[in-house]
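Only one structure is covered here, and it is reproduced in the block below.
The values are calculated or read from the model by the stated rules, or taken from the named source; none is laboratory data. Note that the structure is a prediction, hence the values are computed from the model and not measured. We place every Cβ from the backbone using ideal geometry, glycine too, and count neighbours over all the protein chains shown. To get the accessible areas, we keep the full protein, side chains included, count just its heavy atoms, and leave off ligands, DNA and RNA. Shrake-Rupley method; radii C 1.70, N 1.55, O 1.52, S 1.80 Å.
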Amino acid sequence: KLINIHPSLLPQYKGLNTHARALSDGVRFVGCTVHYVTPALDAGQVLGQAVVRVSKTDTAGTLAGKVLRQEHRLYPMVLRRILQGTLAPVYLS
């Protein structure tokens, strides 16, 4: 099985330009999701998510940086759980 990390809290904002779309919608929280890869775009089982608060001064670039820091925390945690045989998803804030 393959896993992927996506820069949104799936199922919101599948595909590209996630940060710009989130800002345009005025959401207060975004994040990232580690999930299994399936033929359907960003639709696999969620293995973990991390939440990031959106500030009024955020741009797509600053938001991408905040999310990337969470991705660097989340991905290794999920991999560790997979290797240990733990199936419960990881959720970070």
The residue that is nearest to residue 29 (Cα to Cα), considering only those in the range 71-93 that are assigned to a loop (DSSP other than H, G, I, E, B) and not aliphatic (A, V, I, L, M), is 93
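Would you mention how many residues in the range 11-22 are open to solvent by less than 50 Å² (accessible area, probe 1.4 Å), in contact with a Leu (Cβ under 8 Å, 6 or more places away or on another chain) and assigned to a loop (DSSP other than H, G, I, E, B)?
First pass over the range 11-22, keeping only residues open to solvent by less than 50 Å² (accessible area, probe 1.4 Å): 13, 15, 18-19, 22.
Filter again for in contact with a Leu (Cβ under 8 Å, 6 or more places away or on another chain), leaving 15, 19, 22.
Retained after the next criterion (residues that are assigned to a loop (DSSP other than H, G, I, E, B)): 15.
Number of matching residues: 1.
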Residue satisfying condition, being surrounded by fewer than 17 Cβ atoms within 10 Å (Cβ to Cβ) and outside any helix (DSSP H, G or I), within set 62, 57: 57
All but one of (1) without any contact (Cβ under 8 Å) to a residue 12 or more places away in the chain; (2) acidic (Asp, Glu); (3) open to solvent by less than 50 Å² (accessible area, probe 1.4 Å) hold for residue 25; state the number of the condition that does not hold. (3)
What about residue 50, is it free of Cβ contacts under 8 Å to residues at least 40 places away in the same chain, closer than 24 Å to residue 81 by Cβ and not β-branched (Val, Ile, Thr)? no
Mind telling me which of the residues 68, 41 ends up being within 16 Å of residue 9 (Cβ to Cβ), in a loop (DSSP other than H, G, I, E, B), open to solvent by 50 Å² or more (accessible area, probe 1.4 Å) and at pLDDT 95 or above? 41
Mind counting the residues in the range 30-50 that are closer than 12 Å to residue 90 by Cβ and hydrophobic (A, V, I, L, M, F, W, C)? 5
When you go through (1) open to solvent by 70 Å² or more (accessible area, probe 1.4 Å); (2) without any contact (Cβ under 8 Å) to a residue 12 or more places away in the chain; (3) farther than 14 Å from residue 6 by Cα one by one for residue 81, which number turns out not to apply? (2)
Across the range 30-69, the tally of residues that are within 9 Å of the chain's Cα centre (by Cα) and among the hydroxyl-bearing types (Ser, Thr, Tyr) stands at 1
